[in-house]
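Comments concern the structure below.
The values are calculated or read from the model by the stated rules, or taken from the named source; none is laboratory data. The structure displayed is predicted, hence computed values, not measured ones. Positions of Cβ are backbone-derived with ideal geometry, glycine not excepted, and every protein chain shown enters the neighbour counts. All accessible areas refer to the heavy atoms of the entire protein, side chains included, with ligands and DNA or RNA removed. Shrake-Rupley method; radii C 1.70, N 1.55, O 1.52, S 1.80 Å.
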Amino acid sequence: MKKNFLNLGKQPIANSFLSSISKKSLKNEYFYRLIICFDTKNFLVSVKNPVNPKIQYTDKYAHRASESQTMRKAFKSAAKKLQKRFKPRKVMEIGSNDGVFLKNFPKKKVIAVEPCKNLANLTKKKFKTYPNFWNKKLSNKISKKHSKVDLIFSSNTISHIPNLKESFEAINNILSDRGVLVIEDPSLSSVIKINSYDQFYDEHVYVFSALSISNIVKNYQLKLFDVEKISNHGGSLRYFITKKKNPFKITSRLNKIINEEKKQGLNNFATFKKFAKKVEKSKQKLVALLTKLKKKNKKIISYGATYKSTTVFNYCKIDNKFFHYVTDTTKNKQGKFTPGMHIPILSPEKGFNESVDYAYLGAWNFKKEIMNKEKDYLKRGGRFITHVPQVRIIK
Ligand code: TYD
């Protein structure tokens, strides 16, 4: 049975940065109600009413995985480790973005699947790319043309696809008998621990745990045999899945993580009700802090036009009365406006200057990288604000 525990209110599509805030474009802006629920049967946490993927993953999709040094390094190291452990003859990535992971393998070995045409165009010259949504039809088409795949990798994508049945059946269809499916997604355990409620937005239809993944894959003749904690996006899990009949042994670290999750109460609805109360408090504290700073005439901006901050801004009703603007290094976000709250986005060169007193960390998942980069800002008295793990000022 699915039980609701968190209502994040009226939200726009997190990636729908607006080119204009004319009356006409605002009239067309799409909103939905973001409600999060818990399935008491398989312990899966999900968005109650997922948005249609066709309006999310368009040829204007803004996220470029290569944009941060942290992620470039993380994908390179993942590729190296997976190559060494599984020695795949063929590698396929579902949601290959700009190719940041696949470029670490020989071109001939790889198949990319990416429904956002602007991103698929970036990789199609380099390696075989299918500009399509992942489903059974596509998996049939690919298996007719290529041999079965030994390694299917999917980072921050399976959690985005509403139809898990179709996703896993399509995967099973193309996975070789000794093949391994590796998926990476933000971990529910970390979200609860660090109160990162902004991991909930339209694209994150699911926030997985080892508990829920192990339950779900069983329905598709697959088994979870290993799991690894990784630091991506404030704490993620890398799941290792194979066909049921495969002799891969269940690892001790999987058992350990499952036990930790049970101890944390990720199989218990009460945990999520408690979390929802903390989220409400976080909102009150953030708004109170920003209001206080505004009264002191401080200039506050936001650093990193993330999808996550779409949730925070719209839930807390933070608009350009609080933040002068948002800065972001991604070219195709610059000059646009944030979804729902319509705060202008500038390049850091234009916006991250002497006049800034406080910068809210929209990209808190890159805190380390940003603190390193912005030492001079901190030295001259500039401050960061974050809501993770609690609302506070970083000096
Ligand atoms: P991302 O991590 O993809 O978060 P989400 O999935 O919530 O969108 O986005 C990070 C954003 O922050 C991305 O648009 C690039 C931007 N960014 C900066 O502007 N400066 C930086 O130094 C870093 C590391 C990222």
The range 1-105 shape via C-alpha gyration tensor axes, a/c threshold 1.5: oblate
Ignoring everything but the protein chains, give the 1.4 Å probe accessible area of Asp376 in square angstrom, nearest 10. 110
Ranking request for peptides 229-238, 366-375, 87-96: highest mean number of other beta-carbon atoms within 10 Å first, then the rest in descending order. 87-96, 229-238, 366-375
At q = 0.11, 0.19, 0.21 Å⁻¹, what is the base-10 log of I(q)/I(0) for the range 90-215 according to the Debye formula with one equal point scatterer per Cα and no solvent? Please give it to two decimals. -0.38, -1.07, -1.25
Percent relative contact order of the chain, based on C-alpha pairs within less than 8 angstrom and at least six residues apart? 16
Quick one: net charge around Asn255, please, counting Lys, Arg +1 and Asp, Glu -1 for every other residue with C-beta under 13 Å from its C-beta. +2
Compute the distance from the alpha-carbon center of the range 41-90 to that of the range 245-266, in whole Å. 22
Value of relative contact order over the range 31-93, rounded to a whole percent, pairs C-alpha under 8 Å and six or more apart: 17
Checking rank on 250-259, 120-129, 327-336, with mean other Cβ inside 10 Å and highest first, the result is 327-336, 120-129, 250-259
Give me the lysines in straight-line cross-link reach of Lys278: C-alpha distance below 17 Å, same-chain residues under 8 apart excluded. Lys193
Backbone HN-Hα couplings from phi across the range 112-126 [Karplus 6.51/-1.76/1.60, Hz, Gly and Pro as x]: 10, 10, 8, x, 7, 4, 4, 7, 4, 5, 5, 9, 5, 7, 8
Specify the residue with the greatest mean-square fluctuation among Lys223, Lys137, Lys299, computed from a Gaussian network of the chain linking alpha-carbon atoms under 10 Å apart. Lys137
Keeping every protein chain present and rolling a 1.4 Å probe, give me the accessible area per residue for the chain in Å². 45
At 1.4 Å probe size, with no ligands or nucleic acids counted, give the accessible surface of Arg33 in Å², nearest ten. 130
Net charge over other residues, Cβ less than 13 angstrom from the Cβ of Ile35 (K, R count +1; D, E count -1): +4
Around Phe5, which amide H atoms from residues at least 5 apart in sequence, or from another chain, sit under 5 Å from its own amide H, with H modelled in the peptide plane? Ile36, Cys37, Phe38
Over 21 Å between Cα atoms, which of Lys321/Lys350; Lys73/Lys368; Lys90/Lys128; Lys137/Lys249; Lys136/Lys243 qualify? Lys137/Lys249
Compute the relative contact order of the range 271-365 as a whole-number percentage, counting only Cα pairs closer than 8 Å that sit 6 or more residues apart in sequence. 32
Can you pull the Kirkwood radius for the range 264-386, inverse mean 1/r over Cα pairs, to one decimal in Å? 15.3
What is the Cα radius of gyration of the chain over 2.2 N^0.38 Å, N being its residue count? 0.98
Under 10 Å, Cα contacts only: if you run a Gaussian network model on the chain, which one of Asn314, Asn15, Asn163 comes out with the highest mean-square fluctuation? Asn163
Project the alpha carbons of the range 289-358 onto their principal axes and report the range along each, largest first, in whole Å. 33, 30, 15
In the neighbourhood of Tyr57 defined by beta carbon distances under 10 Å, the net charge of the other residues (Lys, Arg +1; Asp, Glu -1) is 0
